[in-house]
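The values are calculated or read from the model by the stated rules, or taken from the named source; none is laboratory data. Quantities reported herein were computed from a predicted structural model and do not represent experimental measurements. A quick note on method: Cβ atoms are made from the backbone with ideal geometry, for glycine too, and the neighbour counts reach across all protein chains shown. Calculation scope for accessible area: heavy atoms of the full protein, side chains included, ligands and nucleic acids excluded. Shrake-Rupley method; radii C 1.70, N 1.55, O 1.52, S 1.80 Å.
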Amino acid sequence: QVQLVESGGGLVQAGGPLRLSCAASRRTFSRPAMGWFRQAPGKEREFVATISRSSGITSYADSVKGRFTISRDNAKNTVYLQMNSLKPEDTAVYYCAGGWVPSTPREYEYDFWGQGTQVTVSS
């Protein structure tokens, strides 16, 4: 059973914007935390952003703070990641995840994962 489906990835020039979407099942969307992670070639997966279901509190990795914005549409069971001022180092596969600890950046506290969507930023 598919729980999370990411979309919106693609090729973009440096400095440009891109918005990722993550459509979730009702069960997954009810998790206390919804987050975005990314994995660049040859690197480990890393935390990008998270949003708490109850409070709406958001948290970001330092590398994306001020450029990326995470949000959620409860009516559509969808989480978004608006990415602005993209850099070549943002190139990665981006994963949406649902976790049981609000506002957590820790990967092991997420138990539902999407298949990922590729984002490539050209210089």
Checklist outcome for this item: Those strands (runs of 3 or more DSSP E) completely within region 40-103 that have 1 or more residues that are open to solvent by less than 30 Å² (accessible area, probe 1.4 Å) are 46-52, 68-73, 78-83, 92-99
Checklist entry - Which residues, taken from region 6-38, are within 13 Å of Val93 (Cα to Cα) and open to solvent by 70 Å² or more (accessible area, probe 1.4 Å)? => result Leu11
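Does region 1-22 hold any residues that are farther than 12 Å from Gly98 by Cβ, out of contact with any Phe, Trp or Tyr (no Cβ under 7 Å at 6 or more places or on another chain) and of a type outside the set (S, T, N, Q), and which are they?
Answer for region 1-22, where residues must be farther than 12 Å from Gly98 by Cβ, out of contact with any Phe, Trp or Tyr (no Cβ under 7 Å at 6 or more places or on another chain) and of a type outside the set (S, T, N, Q): Val2, Val5, Gly8, Gly10, Leu11, Val12, Ala14, Gly15, Gly16, Pro17, Leu18.
From the residues in region 104-119 that are exposed (fewer than 15 other Cβ atoms within 10 Å of the Cβ) and either among the polar types (S, T, N, Q) or assigned to a loop (DSSP other than H, G, I, E, B) (or both), which one is farthest from the chain's Cα centre (by Cα)?
Arg106
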Checklist entry - Can you pull out the residues in region 60-103 that are under 21 Å from Phe29 (Cα atoms) and without any contact (Cβ under 8 Å) to a residue 12 or more places away in the chain? => result Asp73, Ala75
